[in-house]
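Report on the following structure.
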Amino acid sequence: MNATHDTGSAFDPMMTGHSRPLDLVTIRATVRRALQPRRTPATQNEVEEITLALRSHLALMIPEAEDHANRLNRGSLEWNRRQSLVVLARNALGYDWGNSAQAARLNMTELGRCARFLADCLDE
């Protein structure tokens with residue numbers, strides 16, 4: 001009888017209940033693009049591309065940040081800080097910034113800040 005069977009990898013969400021590791025390098029690169037100082041405003045296409053990427057990143061980061069926070073002592077300063085960042089990110093995702101080009105740039109900037117804060121927490 002052969003006892004060599006696949007037991008799943010350490011990052012197999014079906015086996016461990018955990019998701020795959022986030023690509024914080026890519027997330028931080030997107031954040032830098034969103035928050036970089038510019039001589040002229042970003043083009044509408046660039047704003048749309050970055051905003052879409054940030055929304056995708058945040059959708060993956062929020063559950064991870066919640067999971068990290070839930071491992072901390074409930075009510076502790078660090079738990080409160082991380083919970084606040086999760087709420088901030090959720091609110092930024094749901095906020096209606098309007099339809100102007102300036103509103104789109106502000107949305108991109110706010111999402112970038114939220115992604116930066118969550119990446120910092122997840123990288124600790």
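The values are calculated or read from the model by the stated rules, or taken from the named source; none is laboratory data. Being a predicted model, the structure only gives us computed values, none of them experimental. Using ideal geometry, Cβ is built from the backbone for each residue, glycine included, and neighbour counts are taken over all protein chains shown. Accessible surface areas use protein heavy atoms only, side chains included; no ligands, DNA or RNA. Shrake-Rupley method; radii C 1.70, N 1.55, O 1.52, S 1.80 Å.
Of all residues in segment 84-124 being acidic (Asp, Glu) and either open to solvent by less than 70 Å² (accessible area, probe 1.4 Å) or in contact with a Ser or Thr (Cβ under 7 Å, 6 or more places away or on another chain) (or both), which is modelled with the highest pLDDT?
Only one residue fits best here, namely Glu110.
Yes/no per residue for (1) within 20 Å of Ala42 (Cβ to Cβ); (2) out of contact with any Asp or Glu (no Cβ under 6 Å at 6 or more places or on another chain); (3) in a helix (DSSP H, G or I):
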{"residue": "Asn80", "(1), (2), (3)": "no, yes, yes"}
{"residue": "Leu85", "(1), (2), (3)": "no, yes, yes"}
{"residue": "Asn91", "(1), (2), (3)": "no, yes, yes"}
{"residue": "Asn99", "(1), (2), (3)": "yes, yes, no"}
{"residue": "Ala103", "(1), (2), (3)": "yes, yes, yes"}
{"residue": "Thr109", "(1), (2), (3)": "yes, yes, yes"}
{"residue": "Asp120", "(1), (2), (3)": "no, yes, yes"}
{"residue": "Glu124", "(1), (2), (3)": "no, yes, no"}
- Tell me which residues, restricted to segment 40-61, are under 18 Å from Cys121 (Cα atoms) and open to solvent by 10 Å² or more (accessible area, probe 1.4 Å). Arg55, Ser56, His57, Ala59, Leu60
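A quick yes/no check of all residues on (1) over 17 Å from Ala119 (Cβ atoms); (2) small (Gly, Ala, Ser); (3) under 13 Å from the mean Cα position of the chain (by Cα):
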{"position": "Arg28", "(1), (2), (3)": "no, no, yes"}
{"position": "Leu35", "(1), (2), (3)": "no, no, no"}
{"position": "Gln44", "(1), (2), (3)": "yes, no, no"}
{"position": "Arg55", "(1), (2), (3)": "no, no, yes"}
{"position": "Ala59", "(1), (2), (3)": "no, yes, yes"}
{"position": "Ala65", "(1), (2), (3)": "no, yes, yes"}
